[in-house]
Amino acid sequence: MSDCLFCKIVEGTIPARKVYEDDRVVAFHDIQPQAPVHLLVIPKKHIASINDGTPEDVELLGRTLLAAQQVAREAGLAENGYRLVNNCGKDSGQIVFHLHWHVLGGEKLGALNVKNNVSDN
């Protein structure tokens, strides 16, 4: 998509600090980090959100998760832990409508603040 920021990173018209790339997936540093390590993992194919994935995308979606695992390990996050987040849709906070996973870590992360969470009872 010509107006998609992440598609422009994939095609090389916008620079990014890449940490991983193969023929179908790319990972790079977030420009507005929310943790000491904040990486984004995206499929090169434009998929607006996880809701837009199709059965034909199953292998690609799996590859993005394995790439997230690899970049977390290479960033030194695997032993102590990291957070893997996908925001889906505007009410979740999705800003760029190209499927992406946030890999966050490098410090002890606090609990997610979720309003009206379900009781453990």
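Read-outs: derived from the displayed coordinates by stated rules, not from any lab. Computed from a predicted model, the values in this text were never measured in an experiment. As a convention, Cβ positions derive from the backbone with ideal geometry for all residues, glycine included, and neighbour counts pool all protein chains shown.
Odds and ends about this structure:
- Working note: Cα atoms of segment 69-113, range along each principal axis, descending, whole Å: 32, 24, 10.
- Residues 65, 39, ranked from the fewest to the most other C-beta atoms within 10 Å, line up as 65, 39.
- If you look at the Cα atoms of the chain, you get an Rg and a Dmax of 14.8, 52 Å.
- A full extension of the chain between residue 5 and residue 74 corresponds to an added length of 22.3 nm, given 0.36 nm per residue minus the alpha carbon distance.
- The residues 8, 90, when put in order of fewest to most other Cβ atoms within 10 Å, stand as 90, 8.
- Averaging Cα coordinates gives a centre for segment 1-16 and one for segment 26-54; these two points are 12 Å apart.
- Residue 26 long-range amide H proximity, modeled H, under 5 Å: 42, 44
- Nearest-ten-degree value, helix 58-74 long axis tilted from longest Cα axis of the chain: 70
- Under 27 Å from residue 18, Cα to Cα: lysines that are on another chain or at least 8 residues apart: 8, 44, 45, 90, 108
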